[in-house]
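Before any comments, here is the structure.
The values are calculated or read from the model by the stated rules, or taken from the named source; none is laboratory data. Just so it is clear, the structure is predicted and the values come from calculations on it, not from any experiment. Cβ placement follows ideal geometry from the backbone for every residue including glycine, while neighbour counts extend to all protein chains displayed. Side chains are part of the model used for accessible areas, which takes the heavy atoms of the whole protein and leaves out ligands, DNA and RNA. Shrake-Rupley method; radii C 1.70, N 1.55, O 1.52, S 1.80 Å.
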Amino acid sequence: MSPFQVALVYANPQSDDAATDADQAPLQDLLSLLEQETELATRSGMNADYVPGMATILSGEDLLVRGVRNVGEALTLVPGISDGMEMSGERQILSRGVGFGYASGNIKILLDGVSMNSTLYATANPVLNIPIEQVERIEVIRGPGASVHGEYAFAGVVDVITRKSQRKLHVQAMEGSGDRGGGGQWYWHDRERDLSVSFNVLGLDGDAGVDVAEDALYGIDRPELSNAPGTSNESHRYRGLFADVTWGDVFAAVKILDDDYGDAFGINHFLPPEGDRLSSRQGYESLQLGGNLQLGERLRTQLRLEALRHNRDRNELYVAPAGYLLENQPVYMSQDYRETRYLAAADLHWQPHPRHELFVGLEARHVQVDEATWDWPEAFAIDVPWLDEDLSRRVLSVVVQDQIRIGERLNLTAALRFDEYSDVGMHLSPRLAAVWPINDEHILKLQYARAFRPPTFYELTYPGEGTDEVRAGEIATYEFGYILKKPRWEGRLILFQSDLSDSIVFGYDEEGYINSADVRLRGIEVEYTQRLLPALKLDANLSYVESVDLGLDQQPLPGGTDLLGNLALLWQPIHAWTAALQLRYVGERARRPSDTRSPVDAYTLADLTLSYATSDRGLFAHIGVKNLTDADVRFPEQPSGLGGVDLVYRKDYPRPGRRWWLSIGYAF
C-alpha cells in the first residue's frame, strides 16, 4: 500500500454506529489535518504529511478563531518563525533566525502561486499585511525551497491562498490601531459551461502609533531637536482586490494590492512629527493567464504567462529635524521606484508508472526597472540617481524532479534546478529526500537541500566599503523528521542543521552590503496537537535554534532568538461558539556583535478571542483582545547611520499594548 493510499485509508476509518457525535468530533477534527494537500513542496498535489520536509498549513477560519489579524502575524504560529520590523515600518519575517537586517528578504512569498518578492529588496511587505478575512489558507515550507521555487526561497517558502468560493460581507475595527474597514467575497459558478468567477475585496484605514519616550537624538545629546516624547507614525491604508476566472482548463487571475504606511520611528531614528502621514506606498498589479492540458493518460502540462508591476514610492519621508542638517527647516525626502516583471512558464508532469512521477519545469523571466528617482531639498543639490534606471535581469530556469516509490511505502524525491542570470551568473539547487511511512502511525523523513539567494538590485548598487561585488548567498540544510499519529493526538519532530556561506547582509561598519562569514544553524522543532476533551483542543509548538557566526566573533545571528513557543487552547462548549486562548513566547533576541547592550528582553503574548458562527450561511462574529496582559513587547532596533554617527533607539521599538478588536459579517 502506498503512502497516498495509507492516507486515504487512515482518513476514512470504519465508524461504529453506536459511537456518539461527541466521540466522533475529536477524530474528525484531527483527521481534517490529514486530508490537507499542498503543491508547495513538489508542485504535485500531495498529502502534507508525505511531502519532503515539514509542511505547515494554516487555515484561514482557524486563524480567525485564534484572533490572528493578518498574514505576517499568522506566520509567527509556525515553528521557528519570528517577526520584526524596520525603523521605517516595514515588516520582517525571520525563519530559523535568518532574515534580520535592513531591506532583507530571505523567504519566497507567493500569492496564489504568483511570486511577489520585489527585485529591489526581495521583500513583499503588502502580502504580509493582507487581512485574514481574505485568506483561505497559508502554506509554509521551512528551510530551503530553491530546488522548486528558485530565487529567494532561501530560508523558507510561503504561499498565501485567497478565498474564492464564498459569498460574504464583513466589517472590522480595532482599538488603539484605529483599524476600520471592511470588504467581501462573491463568486458565481455555471456548472453547465464549467465557468467560475470570484472577487475578493477589502479595504482598511488606521492611524496607529505607540508612545516613544526617547529617539536617537537623546543618545547624541541633542534632545532639544527631538519630537520625543511623542508617538510613532504607524498610520496605514490597505486595499486588496483579487479576481479569478476559470473556464474549463483555462484560468485567469488579477491581483491588485495597495499598501500605504507611515514612517514609524524614522528612517534615521529621528521620531517623525505628530500626524498621520502615509509616507511610504507599495503597490502590486499582476495578471496571470494559463491553462491545464491533458496530453495523454499519464502526461499533463500547465502553461502560464504572468505580468507583474511593482511600485515602491516614498513621499515626504522624514529624514532629520530642523537644526540637524539644515538650520531652519526639517529635511524630507521623496523617492519613486517602478519595476515590471514578465514570466513564461511550462510545467510537465509525466507518470510512466503508478509508482513513478517525473516533473520538468521551464521558466523564462525578465525584470526591468522603469523608474528610480528621488527628490531632496534644493540646499543639498543632489541630482545623482540613487539607482540605475537601465537595470534589468533575465533569468532562464530548468527544474527536473523525479519521485519514485520503492516497495509499498518508501518514497524518494530527487530534484535539481538550474538558473542562469544575465547579471549574477548561474546557480544549481539540488534536493534529495526520502519519506518512509512505517505504518499508519509512524512517518520518517530525511532531506538534504541547497538553495541560493541572488543579490537584489539595491544590494548590487550599494556594496560595502572595500567590497568589489556582492555574491549570491548559499545555504545547505540537513533535516530529519518524524511524525506520530494517534486517534486523538498528533506529534511532529524535526532536527536540522543549516550551513550558510556568503550570506548577504548589511555591513554597518562597511556602510553597505557584504557577504558575511559562514554561519551554522542547529535546531529542533516540535509540534503537538491533542483533543483533551470533546469540546477542548490543544495545539502547541516549540522551537530551539543555535546560531553561530563562524567568523572571528563567533556570535549568534543578530535579531534572532534561540527559543520560540506557541500554545493554543480552543474550547467549543456549544456548536456555534468557540473561545480561544493563544499564547506566544519569544526568547531574548541577540544584537549585532558591535552592540554591547544586553539582548532584547523575552516576552509572552496572550490573545483571547470569542467567535460565533452557526453554519456556512448566516451571521458570524469574532471579538477579541490582543496582548491581554498588556506585556511590554519590543522589537530589536536596526542601527542607522547619518553623517558617520551611529543612531539608535536605546530602548528599541515598542509595540502596542492591550487592545480590542472586532470582525463581524454575514455569509450568503
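Using only Cα atoms, find the angle between the long axis of helix 21-34 and the longest principal axis of the chain, and express it within 0 to 90 degrees, rounded to the nearest 10.
On a 0 to 90 degree scale, this one is about 60.
At 222 nm, what helix-only mean residue ellipticity would the chain give, in deg cm²/dmol to the nearest 500, using -39500 (n - 2.57) for each DSSP H run of four or more? It would help to have the intermediate numbers written out before the result.
Working: 8 runs with 51 residues, N = 668.
Calculated at 222 nm, the ellipticity per residue is -2000 deg cm²/dmol.
So between Leu299 and Val201, what do we pick up on full extension, going 0.36 nm a residue minus the alpha carbon distance?
Values: separation 98, 0.36 × 98 = 35.28 nm, distance 3.68 nm.
In short, 31.6 nm is gained.
How far apart, in nanometres, would the label points at Glu175 and Ala576 be if each is projected 7 angstrom from Cα along the Cα-to-Cβ direction?
Taking the two extended label points, one gets 2.5 nm.
Please give every one of the lysines within straight-line cross-link reach of Lys626, meaning a C-alpha to C-alpha distance under 26 Å, and leave out same-chain neighbours fewer than 8 residues apart.
Partners found: Lys168, Lys537, Lys651.
Can you work out the accessible area per residue across segment 345-487, with the rest of the protein chains kept in place, probe 1.4 Å, in square angstrom?
48 Å²
With contacts defined as alpha carbon pairs under 8 Å and 6 or more residues apart, what's the relative contact order of segment 300-343 in percent?
In percent, rounded to a whole number, it is 48.
What distance in nm lies between label points placed 7 Å from Cα along the C-beta direction at Arg222 and Arg520?
About 4.4 nm separates the two model spin labels.
For the chain, what's the relative contact order in percent, using C-alpha pairs closer than 8 Å and at least 6 residues apart?
On the way: 1881 pairs, mean separation 81.1, N = 668.
Relative contact order of the chain: 12 percent.
Run the accessible area of the chain with a 1.4 Å probe and give the carbon-and-sulfur part as a rounded percent.
Details: 15490 of 27740 Å².
Percent of accessible area from carbon and sulfur atoms in the chain: 56.
Quick check: the distance between the Cα centres of segment 59-131 and segment 561-637, to the nearest angstrom?
Taking the Cα centre of segment 561-637 as reference, the centre of segment 59-131 is 16 Å away.
Thinking of the chain as a set of Cα atoms, what percent of all their pairs are more than 33 Å apart?
Numbers: 106451 of 222778 pairs.
Beyond 33 Å sits 48 percent of the P(r) for the chain.
Using 1/(1 + (r/R0)^6) with R0 = 22 angstrom and r between the beta carbons of Ala307 and Tyr462, what's the FRET efficiency to the nearest 0.05?
On the way: r = 28 Å, r/R0 = 1.29.
With a Förster radius of 22 Å, E is 0.20.
R0 = 25 Å: FRET efficiency of Glu192 with Ala252, Cβ-based, nearest 0.05?
Efficiency computed from Cβ-Cβ geometry: 0.80.
Between Glu61 and Leu608, what is the label-to-label distance in nm when each label sits 7 Å out along the Cα-to-Cβ direction?
Modelled inter-label distance: 2.6 nm.
Considering only protein heavy atoms, what per residue accessible area in square angstrom results for segment 123-222 with a 1.4 angstrom probe? Let's see the in-between values first.
Numbers: 3540 Å² over 100 residues.
Each residue of segment 123-222 exposes 35 Å² on average to a 1.4 Å probe.
Straight-line reach from Lys255: which lysines have a Cα under 16 Å away, not including same-chain ones fewer than 8 places off?
Here the lysines satisfying the reach criterion relative to Lys255 are Lys164.
Could you tell me the distance between the Cα centroids of segment 326-364 and segment 164-225, to the nearest Å?
24 Å
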